[in-house]
1. Any idea what % of Cα-Cα pairs in segment 207-267 are farther than 16 Å?
2. If you take every DSSP beta bridge fully contained in the chain, what fraction is antiparallel? Give it as a percent rounded to 5.
3. Going through the DSSP H helices of the chain, which span 18 Å or more along their own axis at the Cα atoms while scoring at least 0.0 as a mean Kyte-Doolittle hydropathy?
4. Have a look at 228, 397, 289 and report the one farthest towards the positive end of the charge dipole of the chain, computed about the Cα centre with Cβ charges (Lys/Arg +1, Asp/Glu -1).
5. Return the calculated 222 nm mean residue ellipticity for the chain, to the nearest 500 deg cm²/dmol, obtained by summing -39500 (n - 2.57) across DSSP H runs with n ≥ 4 and dividing by the residue count.
6. Which loop-located trypsin sites (Lys or Arg not before Pro) does segment 418-472 contain, where loop means any DSSP state but H, G, I, E or B and the Cβ has at most 16 other Cβ atoms within 10 Å?
7. Taking the Cα centre of segment 13-484 as origin and charging only Cβ (+1 Lys, Arg; -1 Asp, Glu), how large is the dipole, in debye to the nearest 20?
8. Can you put 207, 34, 312 in order of Cβ neighbours within 10 angstrom, beginning with the fewest?
Amino acid sequence: MSKKVKSLPKDFLWGGATADFQYEGGFNEGGRGILSHDYETDGSQAHPRHHTMRLSDGQLINPKSSFILAEDIPDDAKPVFLDDQYYPSHQAVDFYHHYKEDIKLMAGMGFNVFRFSVCWSRIFPTGEETEPNMAGLKFYDDVINEMAKYNMEPLITICHDEMPMNLAIKYNGWTSRYVIDAYVKYAQTLFDYFGDRCRYWLTFNEINAVRGFGPTGVRQATGHDRYLAAHNMFVASAKAVSLGHKMIPESQFGAMYAMSELYPATCKPEDMFHHMQARRENWYFIDIMGRGYYPSYAEEIWQHHGFNKLEIAPEDLATLNAGQLDYIAFSYYRSNTTKDGDEWFNVGGSANPYLDETPWGWPVDPLGLRYCMNEIYDRIQKPIFIVENGMGAIDQADDQDYVEDDYRIDYLQQHLSAMADAINIDHVPCLGYTMWAPIDLVSLSTGEMKKRYGFVYVDMDDQGQGSLKRTPKKSYQWMKQVIATNGATL
Ligand code: BGP
């Protein structure tokens, strides 16, 4: 039996992950265009980051019934922002003006990598310009140069669930092949300007979520639209990978998948079979991008979603094959349980009596992380990269803004130990770990500040009250030790 050691390979990448829309702010600065995310809805309740739209008859609506852009919004609705309304994402936690301070704080923990996403509409405000917006490029140039001072390398997410609003409205988002070209032009611009300092790239964030709640920029999307959007994203990703490999010889490309582990609720054969099918609907995304071809079970999945055929151009298959990913990146927060009769895509599914849950009802399952790492590597045989993992909690700060977040330390300790076991005992090659999200930021699913993940507390509440002051939490010192010992103190 292999010896249980915690320390990790010498060149292991330790860091944190963020997304522009939840972190940057600077909504109206540097020539940034309007982003699809600026108008996202939530599905459960109206909250202030959400958009208002004006219908052609002048009436204002504030759609609430969908997580993603405009699912239930009439075609003639035009986005508007109301001056007297506070939108947390417009300011977020203002990385735009705090990047030097934040990078210094991350470097203080010993990060040698920082994953962030570029805001597409900062570079091409409508997605249709022929020349990029230089002020947008300069911002990321400054960020990358600041990181270089601390030997921290970038891991850039090219597209984190978003697109310029213009592309969503005018072309109905990713159902249009025009958007493939717009994306490739955008990616090429990033390679041109940052390729000399960036080796690691992610073409998309949580691309497999597109089959359920994930953003496609598409209005009133059917199952067919979602899978067509996914196909166009696969082609866009593969084109970017091939181009990136040509332009940046050292480059390594991944895409990021939401990888909750999935368990069958019982060993009843029907539950087991259902679990296999539901799991395979997730593998669909990783198989196509990681192996470069559509799997034999694709048609069965399409039929399950109510259609028989996808508009795949003849040349697409060669494009997918040529643009295979170099590594498989994923987010891991929880596991799910499923049984016969559940929807295939069913976050939340059946309850798992063996697991505790976070205040948001997310089951805490560190062993599930080790399971996932093994499953992905067994299947795709390419290195993996854990690019999001963390615990959203309601932190109680004292009058000095200090937070004793022992629960976060426990969560991370257990997950990092499971990761170390997968690497040291199971020999899964893993490039690194970027924790979500090192500095508190706006939650994606709730649009709130009160669901916090950070090692660093940010003084800002859901009403926009706060100084934005940064204060390291107890977990900051803990993580610093873990990184300094390369995992040995886990
Ligand atoms: C992932 C997203 C992130 C992030 C994270 C935490 O799905 O890629 O953008 O927000 O989940 O989720 P939440 O903010 O909803 O707690």
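1. Across segment 207-267, Cα pairs with separations above 16 Å total 58 percent.
2. Details: 12 of 45 bridges.
That works out to approximately 25 percent antiparallel.
3. Span-like helices, by this rule, are 134-148, 178-194.
4. 289
5. -11000 deg cm²/dmol
6. 450, 469
7. Around 860 debye, computed over segment 13-484.
8. Going from least to most buried by this count: 312, 34, 207.
Bear in mind that the values in this text are calculations on the coordinates, not laboratory data. Remember, it's a predicted structure, so these values are computed and weren't measured experimentally. With ideal geometry, Cβ positions are generated from the backbone for all residues, glycine too; neighbour counts draw on all protein chains shown.
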